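The values are calculated or read from the model by the stated rules, or taken from the named source; none is laboratory data. Since this is a predicted model, take the numbers as computed values, not measurements. Reconstructed Cβ throughout: ideal geometry from the backbone, glycine too, with neighbour counts over all protein chains shown. The accessibility values were calculated without ligands, DNA or RNA, using every heavy atom of the protein model including side chains. Shrake-Rupley method; radii C 1.70, N 1.55, O 1.52, S 1.80 Å.
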Amino acid sequence: MTAGTKTLTLLRHAKSGWDDPALRDYDRALNARGKRAAALMGGYLRSGGAVFDHIIASPALRVVETLAHVETGYGRTLAPEWDRRIYLASAVTLLDIVHEFSEDTARVLLVGHNPGLEDLAMLLAPESDEPARVALEAKYPTATLAELQFEGGWADLAAGGARLVRFVRPRDLDPALGPED
């Protein structure tokens, strides 16, 4: 097992539309606000020099489109592994998926849905009064990323075993993407 710092970045899909009530949840596309927020988050990742050894994502349409718009802002191609288990997964299922990551992989981007992503981040990051943890506890909005770091192997990651080092919402980068009235 390879020791060292591992980084797990969780990205919730961007805002999707609810225009067609007959559409299956799995097939909902992003709305204009969601497309803008996803591209903005991609630019944020680029400006911060984010690099991922592995990307794994739900194949739901809103996640596929989120990653396409993140790519636009990021300026390079992302090649995710699509894993249907991520679609509407619980925190426990997501943690099982994380435990499967190769030990020679240090930086992973996992793109999916709430409430699973929020629950996973809250499970892994111990309660604290740090601003990022307080914001996470309040709400995990669409197109938001949570970056967690820990020492050791993926298979050993457990409740309270990571540090929440970053929690960035689209509205933190552009106030116009804040909550709608």
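Dipole size in debye (nearest 20) for the range 25-143 around its Cα centre, Lys and Arg Cβ +1, Asp and Glu Cβ -1?
Values: 12 positive and 17 negative charges, 147 e Å.
So the dipole magnitude of the range 25-143 works out to roughly 700 debye.
Rounded to whole Å, give me the distance from the Cα center of the range 143-181 to that of the range 73-121.
Measuring centre to centre over Cα atoms gives 12 Å.
Got the relative contact order for the range 19-175 handy, in percent, Cα pairs under 8 Å and 6 or more residues apart? Could the numbers behind the result be given before it?
On the way: 243 pairs, mean separation 34.8, N = 157.
22 percent.
Can you give the direction-averaged projected area of the convex hull of the alpha-carbon atoms in the range 38-94, in nm²? Walk me through the numbers on the way to the answer.
On the way: hull surface 16.1 nm².
That works out to 4.0 nm².
Please calculate the 1.4 Å probe accessible area of GLU147, with all protein chains present, and give it to the nearest 10 Å².
30 Å²
When all protein chains stay in place, what accessible area (Å², nearest 10, 1.4 Å probe) is found for HIS99?
Using a 1.4 Å probe on the heavy atoms, I get roughly 60 Å².
Would you list which lysines come within 21 Å of LYS35, measuring only between C-alpha atoms, while excluding same-chain residues fewer than 8 positions from it?
LYS15, LYS139
Taking the DSSP beta bridges in the range 46-181 as the whole, what percent of them are antiparallel, to the nearest 5? Write down the numbers at each step before the final one.
Details: 5 of 11 bridges.
Antiparallel: roughly 45 percent of the beta bridges in the range 46-181.
With a Förster radius of 35 Å, plug the Cβ-Cβ distance of SER128 and ALA22 into 1/(1 + (r/R0)^6) and report the FRET value to the nearest 0.05.
0.20
Picking from GLY43, LEU136, ASN114, whose Cα lies most toward the positive end of the charge dipole for the chain (charges on Cβ: Lys, Arg +1; Asp, Glu -1)?
GLY43
Reported to two decimal places, what Rg/Rh ratio describes the range 1-134 when computed on Cα atoms with Rh from the Kirkwood expression?
Values: Rg = 15.1 Å, Rh = 15.6 Å.
Rg/Rh: 0.97.
Of the heavy-atom accessible surface of the range 99-181 (probe 1.4 angstrom), what whole percent is carbon and sulfur? Don't skip to the end; give the middle numbers.
Numbers: 1880 of 3870 Å².
The value for the range 99-181 is 48 percent carbon and sulfur by accessible area.
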